[in-house]
Structures are given as C-alpha cells and as structure tokens.
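The values are calculated or read from the model by the stated rules, or taken from the named source; none is laboratory data. Just so it is clear, the structure is predicted and the values come from calculations on it, not from any experiment. All Cβ positions, glycine included, derive from the backbone under ideal geometry; neighbour counts span all protein chains shown.
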Amino acid sequence: MKLTILGGGGFRVPLVYRALLGDRAEGRVTRVTLHDVDAERLAAIGGVLAEQARDVSDAPAVTATTDLDEALRGADFVFSAIRVGGLAGRAADERVALAEGVLGQETVGAGGIAYGLRTVPVALDVARRVARIAPDAWVINFTNPAGLVTEAMSRVLGDRVIGICDSPVGLGRRVARLLGADPDEAWFDYAGLNHLGWLRGVRVAGRDELPRLLADTEALGSFEEGKLFGADWLRSLGAIPNEYLHYYYFNREAVRAYREAARTRGAYLREQQAAFYGSPSLDSWHATLAEREATYMAANREAAGAGARAEEDLEPGGYERVALALMRAIARDERTTLILNVRNRATLPVLDADAVVEVPCFVDANGAHPVSVAPLPLHAAGLVTAVKAAEREVLAAAESGSRETAVKAFALHPLVDSVSVARRLLAAYAREHPELGHLA
Ligand code: G6P
Ligand code: MN
C-alpha cells in the first residue's frame with residue numbers, strides 16, 4: 001500500500017508517520033512518498049521520520065521527491081496537505097484583512113477567501129494530475145480552506161476526494177469526556193461546512209445526552225467551547241458550535257484581539273518554523289509542536305477570558321487519527337463513522353447535491369457516504385448558505401479570472417461588511433500575492 005503525501009515537507013507530517021508506525025495490521029501502508037516543492041523542507045522532515053523509525057521494525061519505507069508526477073505514480077492514497085505561498089502567504093492573508101478592520105484568519109472571512117483564491121488553481125492542477133496518473137487513488141484533503149478546496153477537487157475527482165479536519169473530532173472528544181462517555185461509542189449529530197458546524201446532539205445508547213450537558217453550567221464552564229462562547233450562549237443555541245464560530249459570534253472581540261496582537265498567527269508560526277527547519281530533529285519537533293498547540297487560538301481565548309488550553313486538549317491526535325481511520329476503512333473495509341467533508345447529495349436540503357459539506361459519514365471500501373442528519377436551524381442554514389455562496393464565487397473567480405467575481409467572493413462573505421471594503425481587499429491582496437495580480 002503506497003501513500004503519497006503532498007506537502008511532505010510540512011510540519012505535521014511526523015504526526016501522520018507516527019500513526020502509520022503504530023499500525024501493524026495486514027494491508028497497512030508500507031511505502032510513503034513525500035512530495036514538496038521545497039527540497040530543504042523535504043530533507044528536514046525526512047530526517048525526523050528516519051529518527052521516528054529508528055527502533056521500529058518494518059517501518060514504512062520513505063522516499064522523497066520534488067517531482068509531482070513521479071510522487072503520484074502507483075499511489076493508493078494521496079494526502080494533500082499543501083500550503084500555497086507558505087506561512088509568509090498566510091501572514092499576508094491575515095495582515096491585509098486586519099488592516100481593513102475585518103477578520104484576518106487562515107480559513108475564515110477575508111483571509112480564507114484570499115487563501116482560497118490562491119489555493120484552488122493549485123489544487124485543481126493536483127486533482128487533474130491524480131486523475132491522469134493515479135486514477136484509482138483516493139485523495140484525502142487536509143489542504144485549507146479544506147471544504148472549499150475539497151469541493152474544487154471534487155469537480156475533477158468526484159467522490160474520490162474526501163476532506164478531513166480535526167476540529168469536529170476534538171469537539172466530540174471534549175464533549176464525550178464531560179459526559180463520561182466513550183467517544184467511540186457515541187453518535188455525534190454534527191453538521192455544517194468545514195470550520196462552520198454545530199454539534200446538536202450526542203446520543204449514547206440511543207439517548208441524547210447533550211441536554212444534560214447544556215443544563216450543567218459548571219460542566220459547560222470547564223471546557224474549551226464553554227469558555228469561548230459562555231454557557232448562556234450555548235444554551236441559547238441549544239448546540240455546541242465548532243470553535244471557529246467564535247469568529248462569527250464574537251467577531252468584534254476576535255478582530256480587536258487579532259489587531260492588538262504583536263503579530264498574526266502566520267507571522268508567529270513563520271518565525272517558529274524557521275527556527276525548527278534551521279536545525280531539525282525529533283526532539284525539537286516535539287518541543288515546537290507543544291508550543292504551537294499551547295498557543296492555538298490564543299487571541300480568541302484571551303478575548304473571551306478563557307485562560308489556557310486544557311492539558312488534555314494539547315495532545316494532538318486529530319488529523320492523523322481521522323486520516324488513518326479513513327484509510328483503514330477504505331483499504332480494508334473496516335467500516336466506521338467519521339465526520340468528513342464530502343458532497344452533500346441530499347443531506348442538507350438548503351444546499352445543492354454537489355456542495356461539499358461536513359457531516360457524519362459511513363465509510364467502507366466504497367468510500368464515504370453521508371448519513372442523514374437533523375435539518376439545520378434557520379440561523380445555521382443562513383450562515384452555511386451565505387458562506388457557501390462566497391465559496392462558489394471563489395471557485396468561479398479561480399476559473400474565469402474575473403475581477404468582479406473575486407470582489408463578489410469577498411463582498412458576499414458575512415464577515416466582510418461593505419462592498420468597498422471587498423474592493424480594497426482584493427486590490428491589496430493582489431499587491432501582496434503575485435499569483436492574484438491578474439485579478440487587480
Ligand atoms: C486546526 C484546524 C486546521 C488548522 C489548524 C491551524 O487544526 O482544524 O484546519 O489549519 O488548526 O493551526 P495553526 O497551529 O496552524 O494555527
Ligand atoms: Mn481544520
């Protein structure tokens with residue numbers, strides 16, 4: 001079984017490899033090919049993986065290449081975890097929006113639109129090459145903005161591309177812990193788009209336990225989403241929102257905190273990662289990861305007075321566990337249920353069949369099949385359809401190169417509050433990113 005990792009020089013790749021090292025079962029991944037456009041980053045991560053494999057017998061063999069077609073040849077699974085423009089690009093996405101007084105964030109709001117405009121053409125190229133060179137491969141997309149990028153790739157690959165995110169799993173794990181339930185035994189009624197979903201019910205042995213949690217102010221105050229949103233707001237919603245909804249429900253506070261921060265998240269990570277890639281080792285990778293996890297969404301937590309992250313949440317395990325479970329289910333028909341980004345079909349009736357949504361899916365050797373969920377309440381349907389409309393303009397702008405369509409993508413996003421702002425954003429992003437120059 002061959003796994004190709006695009007963005008193979010990326011910082012989170014050792015998490016995936018660590019998960020592979022723990023998989024001893026028949027039919028597991030035996031060969032890993034790392035692809036990256038940056039040979040130095042490839043070498044750095046290759047060295048970390050070699051350290052990880054040192055004392056493990058039968059560790060999956062690792063090769064690395066900067067040639068995309070060569071990397072794809074013979075792949076059974078392709079993980080796409082690329083970052084177009086690198087962390088410098090992310091920092092620019094964040095900075096330009098904040099300078100306009102709107103949210104500057106990796107995947108949400110203006111920053112996410114800019115990142116999408118930059119990434120969709122690259123993701124489409126990858127999808128076309130997969131279709132040509134490894135037509136039977138399954139593509140697991142982590143590349144952000146994951147929902148939008150998965151939808152772009154699905155136009156080429158259909159249901160052979162599946163998007164993943166660790167945030168719904170993290171939410172489910174935290175809520176299950178509070179309820180004293182085993183997350184593997186609970187059914188999570190979660191639905192929406194990537195980074196824009198709500199947990200509306202948690203069924204344990206057929207009973208919805210979420211009302212019990214919503215009634216318990218002390219329990220609500222003790223976990224990440226409770227601290228971010230406050231018990232009263234969670235009760236008003238009757239659901240637990242994905243942590244990324246903090247950018248919507250507390251937009252002013254989040255924008256203020258982001259503007260007041262010494263540097264954006266992207267700028268901070270750029271410095272942090274430069275130090276790591278300057279002298280990479282497994283030890284420094286561990287230390288760097290711990291620091292990265294501890295500071296995740298720090299500005300939001302500060303704005304909410306939420307304090308530090310809980311010890312249990314610092315342990316990573318989201319991405320790679322979802323990715324591995326997904327591969328096992330497909331490759332070995334180990335049937336399971338995972339929250340994934342797939343084409344909607346008729347799951348959320350407010351969206352059309354081809355819209356990529358984030359919902360629980362039944363996964364088997366034939367792929368991921370969305371499971372029917374309760375309809376979204378009107379407020380959630382409103383946000384989901386508005387954001388999907390903005391995403392569709394991104395896809396259209398990437399295809400046509402039309403400036404008007406790109407302006408529309410920014411202007412229609414619920415977190416961009418004026419068409420004039422949208423026009424200025426596009427002009428500023430086009431100055432920052434040469435690949436968007438044609439849209440200016
Ligand atoms: C979560 C999200 C990812 C996102 C990451 C950002 O894991 O699910 O989609 O990329 O956070 O973390 P970072 O450390 O890069 O700010
Ligand atoms: Mn995510």
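Do the conditions hold for Ala308, that is, is it aliphatic (A, V, I, L, M) and free of Cβ contacts under 8 Å to residues at least 60 places away in the same chain?
Values: aliphatic (A, V, I, L, M): yes; free of Cβ contacts under 8 Å to residues at least 60 places away in the same chain: yes.
Yes: the conditions hold for Ala308.
From Leu196, Leu179, which residue is more than 16 Å from ligand 1 (Cβ to nearest atom) and in contact (Cβ under 8 Å) with a residue 12 or more places away in the chain? Full working, then the answer.
Values: Leu196 fails: more than 16 Å from ligand 1 (Cβ to nearest atom).
Exactly one residue qualifies, and that residue is Leu179.
Which of the residues spanning the range 151-176 are buried (at least 23 other Cβ atoms within 10 Å of the Cβ) and within 14 Å of ligand 1 (Cβ to nearest atom)?
Once the filter is applied, which keeps residues that are buried (at least 23 other Cβ atoms within 10 Å of the Cβ) and within 14 Å of ligand 1 (Cβ to nearest atom), the range 151-176 yields Gly163, Ile164, Cys165, Pro168, Leu171.
Does Leu6 satisfy the condition of being farther than 17 Å from Arg321 by Cα, surrounded by 21 or more Cβ atoms within 10 Å (Cβ to Cβ) and in contact (Cβ under 8 Å) with a residue 60 or more places away in the chain?
Answer is yes for this residue.
Would you confirm whether or not the range 81-103 contains a residue that is buried (at least 22 other Cβ atoms within 10 Å of the Cβ), in contact with a strand residue (DSSP E or B) (Cβ under 8 Å, 6 or more places away or on another chain) and modelled with pLDDT of 95 or more?
yes
What residue, of Ala389, Ala290, Ala325, is small (Gly, Ala, Ser), within 28 Å of Ala25 (Cα to Cα) and assigned to a helix (DSSP H, G or I)?
Values: Ala389 fails: within 28 Å of Ala25 (Cα to Cα); Ala290 fails: within 28 Å of Ala25 (Cα to Cα).
When all the criteria are applied, what remains is Ala325.
Looking at Glu334 and the list (1) surrounded by fewer than 21 Cβ atoms within 10 Å (Cβ to Cβ); (2) of a type outside the set (Lys, Arg); (3) within 16 Å of ligand 2 (Cβ to nearest atom); (4) not in a helix (DSSP H, G or I), which single condition is not satisfied?
It is condition (3) that Glu334 fails.
Looking at Arg12, Arg31 in this structure, which one is out of contact with any Pro (no Cβ under 7 Å at 6 or more places or on another chain) and in the same structural domain as Pro121 (by TED's automatic domain parsing)? Steps first, please.
On the way: Arg31 fails: out of contact with any Pro (no Cβ under 7 Å at 6 or more places or on another chain).
Selected residue: Arg12, the only one of Arg12, Arg31 that is out of contact with any Pro (no Cβ under 7 Å at 6 or more places or on another chain) and in the same structural domain as Pro121 (by TED's automatic domain parsing).
Exactly one of these conditions fails for Pro280: (1) modelled with pLDDT under 95; (2) crowded, with 20+ Cβ neighbours inside 10 Å; (3) of a type outside the set (Gly, Ala, Ser). Give me its number.
Against the list (1) modelled with pLDDT under 95; (2) crowded, with 20+ Cβ neighbours inside 10 Å; (3) of a type outside the set (Gly, Ala, Ser), Pro280 comes up short only on (1).
Return the pairs, sorted by first residue and then second, in which the second residue is among the aromatic types (Phe, Trp, Tyr), the first residue lies in the range 267-289 and is in contact (Cβ under 8 Å) with a residue 40 or more places away in the chain, the beta carbons are less than 6 Å apart, and the residues are 6+ apart or on different chains.
Thr288/Phe276
Condition first: small (Gly, Ala, Ser) and buried (at least 20 other Cβ atoms within 10 Å of the Cβ). Now tell me which residues in the range 223-237 satisfy that. Spell out the reasoning first.
Taking the range 223-237 as the starting set, the residues that turn out to be small (Gly, Ala, Ser) are 226, 230-231, 236.
Gly226 - this is the single residue of the range 223-237 that is small (Gly, Ala, Ser) and buried (at least 20 other Cβ atoms within 10 Å of the Cβ).
Output the residue which, of all residues in the range 293-324 that are within 16 Å of ligand 2 (Cβ to nearest atom) and among the aliphatic types (A, V, I, L, M), is farthest from Leu196 (Cα to Cα). Spell out how you get there, then give the answer.
To start, the set of residues in the range 293-324 that are within 16 Å of ligand 2 (Cβ to nearest atom) comprises 293, 296-297, 300, 313, 316-323.
Restricting the remaining residues to those that are among the aliphatic types (A, V, I, L, M) gives 297, 322-323.
On the way: Met297: 16, Val322: 18, Ala323: 20 Å.
Step by step, filter the range 293-324, then rank; the result is Ala323.
Among the residues of the range 32-46, how many are out of contact with any Phe, Trp or Tyr (no Cβ under 8 Å at 6 or more places or on another chain) and among the charged types (D, E, K, R)?
Of the residues in the range 32-46, 2 are out of contact with any Phe, Trp or Tyr (no Cβ under 8 Å at 6 or more places or on another chain) and among the charged types (D, E, K, R).
Can you find a residue in the range 312-333 that is more than 16 Å from ligand 1 (Cβ to nearest atom), without any contact (Cβ under 8 Å) to a residue 12 or more places away in the chain and out of contact with any Leu (no Cβ under 9 Å at 6 or more places or on another chain)?
No; the residues of the range 312-333 include none that is more than 16 Å from ligand 1 (Cβ to nearest atom), without any contact (Cβ under 8 Å) to a residue 12 or more places away in the chain and out of contact with any Leu (no Cβ under 9 Å at 6 or more places or on another chain).
Give the residue, chosen from Leu220, Leu199, that is within 16 Å of ligand 2 (Cβ to nearest atom) and either surrounded by 16 or more Cβ atoms within 10 Å (Cβ to Cβ) or more than 22 Å from the chain's Cα centre (by Cα) (or both). Explain how you work it out, then say what you get.
Values: Leu220 fails: within 16 Å of ligand 2 (Cβ to nearest atom).
Step by step, each of Leu220, Leu199 is checked, and only Leu199 is within 16 Å of ligand 2 (Cβ to nearest atom) and either surrounded by 16 or more Cβ atoms within 10 Å (Cβ to Cβ) or more than 22 Å from the chain's Cα centre (by Cα) (or both).
Tell me, please, whether a residue that is closer than 21 Å to Glu253 by Cα, touching a Lys or Arg at 6+ places or on another chain (Cβ under 8 Å) and either in the same structural domain as Tyr268 (by TED's automatic domain parsing) or buried (at least 24 other Cβ atoms within 10 Å of the Cβ) (or both) can be found in the range 113-120.
No, the range 113-120 contains no residue that is closer than 21 Å to Glu253 by Cα, touching a Lys or Arg at 6+ places or on another chain (Cβ under 8 Å) and either in the same structural domain as Tyr268 (by TED's automatic domain parsing) or buried (at least 24 other Cβ atoms within 10 Å of the Cβ) (or both).
Just one of (1) at pLDDT 95 or above; (2) within 16 Å of ligand 1 (Cβ to nearest atom); (3) acidic (Asp, Glu) trips up Asp352, so point out which.
That leaves (2) as the condition not met.
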